[in-house]
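Below: the structure, in structure tokens.
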Amino acid sequence: MIGLFKSLSQAVRAKPVRAGRVYLRPPVRRDAKKWLALRGSSRSFLEPWEPTWPKDALTRKAFFRRLRAYAIHTNSDTAYIFLIFRSNDRALLGGISINDVRRGVAQSCSIGYWIGEEYCREGYMAEALSGLLPFIFERLKIHRIEAACLPHNQASRALLTKLGFQEEGHVRRYLKINGQWQDHVLFGLLDTDPRLAPTPLEKNATTSSRRIRRRGHLAPTPSTAQRVSHSKL
């Protein structure tokens, strides 16, 4: 799968994933400042939906540790991570992780996502995921995408339904979120299922893309993600 990884890395370096008002690319070292600032300002908003944060979660050392872990998983084709940026000003909005990539007879994966509190409920995550789904199905050659969310996370359930995911069941004490084993609702989407089409690019997205490339903001590093639960959107 090293060849697959190299081709994906080259593809994203040349052209990030775009949809609507946003673009997605793997994280790099220079993203540390924005990532730490957004996660820090959104901590109380995110913690109820995620695994317990380590004590050093908001340090550069922890961010760089994540990058190393992401590289290992991407090189082994087991997980990938993307950060979400707003096209018009390159503001960091959140992230999407493609986890638990399984090949062989499964050809499946799971996804997780988070968004900063100040950007929630503005439609950014729906746009980002609408653009990333074709990447997962067509570039990664995935047959089935799974997602899980807490039963009371109505925003996430509505988002997954909008994208075309089908609710498939209720799993007891599925993931340890915020320090407690909690039930989750499972969703699934097949490559043959009807799904939300990628959101058309906003009118100034092409101009923003050229400006970003000239300023050198697209060089990615290998990256993947650890499992995260879905934050309110």
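The values are calculated or read from the model by the stated rules, or taken from the named source; none is laboratory data. The structure presented is a predicted model; accordingly, all values stated were derived computationally and were not measured. Counting neighbours? That spans all protein chains shown, and the Cβs are built from the backbone with ideal geometry, glycine included.
Every residue in region 142-157 that is within 23 Å of THR199 (Cα to Cα) and loosely packed, with under 13 Cβ neighbours inside 10 Å, please. Correct list: GLN154 only. Is it fair to say TYR174 is hydroxyl-bearing (Ser, Thr, Tyr), over 15 Å from the mean Cα position of the chain (by Cα) and closer than 23 Å to SER44 by Cα? In short, yes. Determine if region 140-148 includes at least one residue that is within 10 Å of the chain's Cα centre (by Cα), at pLDDT 95 or above and either of a type in the set (A, V, I, L, M, F, W, C) or within 20 Å of GLN166 (Cβ to Cβ) (or both). Within region 140-148 (the criterion being within 10 Å of the chain's Cα centre (by Cα), at pLDDT 95 or above and either of a type in the set (A, V, I, L, M, F, W, C) or within 20 Å of GLN166 (Cβ to Cβ) (or both)), the answer is no, since none of the residues qualifies. Can you say whether VAL185 is modelled with pLDDT of 50 or more and touching a Cys at 6+ places or on another chain (Cβ under 7 Å), as far as the supplied structure shows? Against the criterion (modelled with pLDDT of 50 or more and touching a Cys at 6+ places or on another chain (Cβ under 7 Å)), VAL185 qualifies. List the strands (runs of 3 or more DSSP E) that sit entirely inside region 44-124 and contain at least 2 residues that are surrounded by fewer than 19 Cβ atoms within 10 Å (Cβ to Cβ), at pLDDT 95 or above and not aromatic (Phe, Trp, Tyr). By residue number, 92-102. Being in contact with a Leu (Cβ under 9 Å, 6 or more places away or on another chain), within 30 Å of HIS143 (Cβ to Cβ) and in contact (Cβ under 8 Å) with a residue 60 or more places away in the chain holds for only one residue in LEU67, LEU24, and it is LEU24.
The set of residues in region 151-181 being touching a Phe, Trp or Tyr at 6+ places or on another chain (Cβ under 7 Å) and either closer than 19 Å to ILE115 by Cβ or in contact (Cβ under 8 Å) with a residue 24 or more places away in the chain (or both) consists of ASN153, LEU160, PHE165, GLN166, ILE177. Among residues of region 94-128 being touching a residue at least 60 places away in the same chain (Cβ under 8 Å) and of a type in the set (A, V, I, L, M, F, W, C), the one that is farthest from ARG25 (Cα to Cα) is CYS120.
Just one residue in the set TYR119, TYR124 is aromatic (Phe, Trp, Tyr) and either closer than 23 Å to PRO194 by Cα or under 14 Å from the mean Cα position of the chain (by Cα) (or both); that residue is TYR124. Between GLY104, GLY112, GLY95, the distinction of being out of contact with any His (no Cβ under 9 Å at 6 or more places or on another chain) and under 22 Å from ARG18 (Cα atoms) belongs to GLY95 only.
Entry remark, region 47-64: residues being touching a Leu at 6+ places or on another chain (Cβ under 8 Å) and either on the phi > 0 side of the Ramachandran plot or touching a residue at least 40 places away in the same chain (Cβ under 8 Å) (or both) number 2 in total.
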